[in-house]
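Engineer: There's a structure below that I have some questions on.
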Amino acid sequence: MIRTTTYAALLALMATPVMAQDITTDEDITAVLVDNMIVTELTTICPKLAPRPARVNQQAKDMMGVITAKGYGPEDIQSLQDPAFLATLAAKSESFFAANGIEKRDTEAMCAFGKAQIAKRTPLGKLMKNR
């Protein structure tokens, strides 16, 4: 009897669709997007820095692989363009710079920070190069 009940419960669990978490709260996805936003800000503000297109494109491909593997669909991907979500990413970027003692209006500080990231070969630094 227990074996039959266990088997029935297992079948019921297998038949239940697995719900992926909300893509906008998925740290694997948001971390990549925040890093991309930080690199964009650094390379836009500092004329001495440039993005590494091949590495940025590879990062995007890897992220799409994660999105696919986690079962997110087109509607989920579209939600990444939601203004409220983009504002959340911008706030995380601001927090990152503040935590590192950088005022984004200070071009020299932004350049120095970016150059240090490149020199240390950090994940952010690997997405940029010196001009």
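Engineer: Output the residues belonging to the stretch 53-73 that are within 15 Å of L124 (Cβ to Cβ) and either surrounded by fewer than 11 Cβ atoms within 10 Å (Cβ to Cβ) or of a type in the set (S, T, N, Q) (or both).
Structural biologist: Q58, Q59 - these are the residues of the stretch 53-73 that are within 15 Å of L124 (Cβ to Cβ) and either surrounded by fewer than 11 Cβ atoms within 10 Å (Cβ to Cβ) or of a type in the set (S, T, N, Q) (or both).
Engineer: Within the stretch 97-106, count every residue that is part of a helix (DSSP H, G or I) and surrounded by 13 or more Cβ atoms within 10 Å (Cβ to Cβ). So that I can check it myself, show each step before the final result.
Structural biologist: Of all residues in the stretch 97-106, those part of a helix (DSSP H, G or I) come to 97-99.
Next cut, surrounded by 13 or more Cβ atoms within 10 Å (Cβ to Cβ) only: 97.
Selection size over the stretch 97-106: 1.
Engineer: Another question, if that's okay. What is the number of the single condition among (1) over 18 Å from D26 (Cβ atoms); (2) in contact with a helix residue (DSSP H, G or I) (Cβ under 7 Å, 6 or more places away or on another chain); (3) touching a residue at least 60 places away in the same chain (Cβ under 8 Å) that K92 does not meet?
Structural biologist: (1)
Engineer: Within the stretch 74-84, count every residue that is loosely packed, with under 11 Cβ neighbours inside 10 Å and either of a type in the set (D, E) or under 19 Å from T122 (Cβ atoms) (or both). Before you say what the answer is, go through the steps one by one.
Structural biologist: Narrowing the stretch 74-84 to residues loosely packed, with under 11 Cβ neighbours inside 10 Å: 74-75, 78, 81, 83-84.
With the extra rule that they be either of a type in the set (D, E) or under 19 Å from T122 (Cβ atoms) (or both), the set shrinks to 75.
Number of matching residues: 1.
Engineer: From A87, A112, grab the single residue that is in a helix (DSSP H, G or I), of a type in the set (A, V, I, L, M, F, W, C) and loosely packed, with under 13 Cβ neighbours inside 10 Å.
Structural biologist: Values: A112 fails: loosely packed, with under 13 Cβ neighbours inside 10 Å.
Result: A87 is the single residue among A87, A112 that is in a helix (DSSP H, G or I), of a type in the set (A, V, I, L, M, F, W, C) and loosely packed, with under 13 Cβ neighbours inside 10 Å.
Engineer: Within the stretch 95-129, which residues are farther than 15 Å from A31 by Cα and among the polar types (S, T, N, Q)?
Structural biologist: Correct list: N100, T107, Q117.
Engineer: For the stretch 117-126, check the following and say yes or no: at least one residue is open to solvent by less than 40 Å² (accessible area, probe 1.4 Å), under 26 Å from D22 (Cβ atoms), part of a loop (DSSP other than H, G, I, E, B) and touching a residue at least 60 places away in the same chain (Cβ under 8 Å).
Structural biologist: To start, the set of residues in the stretch 117-126 that are open to solvent by less than 40 Å² (accessible area, probe 1.4 Å) comprises 117-118, 122, 124-125.
Pick out the ones that are also under 26 Å from D22 (Cβ atoms) and you get 124.
Now drop any that are not part of a loop (DSSP other than H, G, I, E, B), which leaves 124.
Remaining after also requiring touching a residue at least 60 places away in the same chain (Cβ under 8 Å): 124.
Taking every residue of the stretch 117-126 in turn, at least one turns out to be open to solvent by less than 40 Å² (accessible area, probe 1.4 Å), under 26 Å from D22 (Cβ atoms), part of a loop (DSSP other than H, G, I, E, B) and touching a residue at least 60 places away in the same chain (Cβ under 8 Å).
Engineer: Looking at A20, A12, which is the one that is over 20 Å from F96 (Cβ atoms), at pLDDT below 95 and touching a Phe, Trp or Tyr at 6+ places or on another chain (Cβ under 8 Å)?
Structural biologist: Values: A12 fails: touching a Phe, Trp or Tyr at 6+ places or on another chain (Cβ under 8 Å).
Step by step, each of A20, A12 is checked, and only A20 is over 20 Å from F96 (Cβ atoms), at pLDDT below 95 and touching a Phe, Trp or Tyr at 6+ places or on another chain (Cβ under 8 Å).
The values are calculated or read from the model by the stated rules, or taken from the named source; none is laboratory data. Just so we're clear, the structure is a prediction, and the values are computed from it rather than from any experiment. Note that we place each Cβ from the backbone using ideal geometry, even for glycine, and neighbour counts take in every protein chain shown. Accessible surface areas use protein heavy atoms only, side chains included; no ligands, DNA or RNA. Shrake-Rupley method; radii C 1.70, N 1.55, O 1.52, S 1.80 Å.
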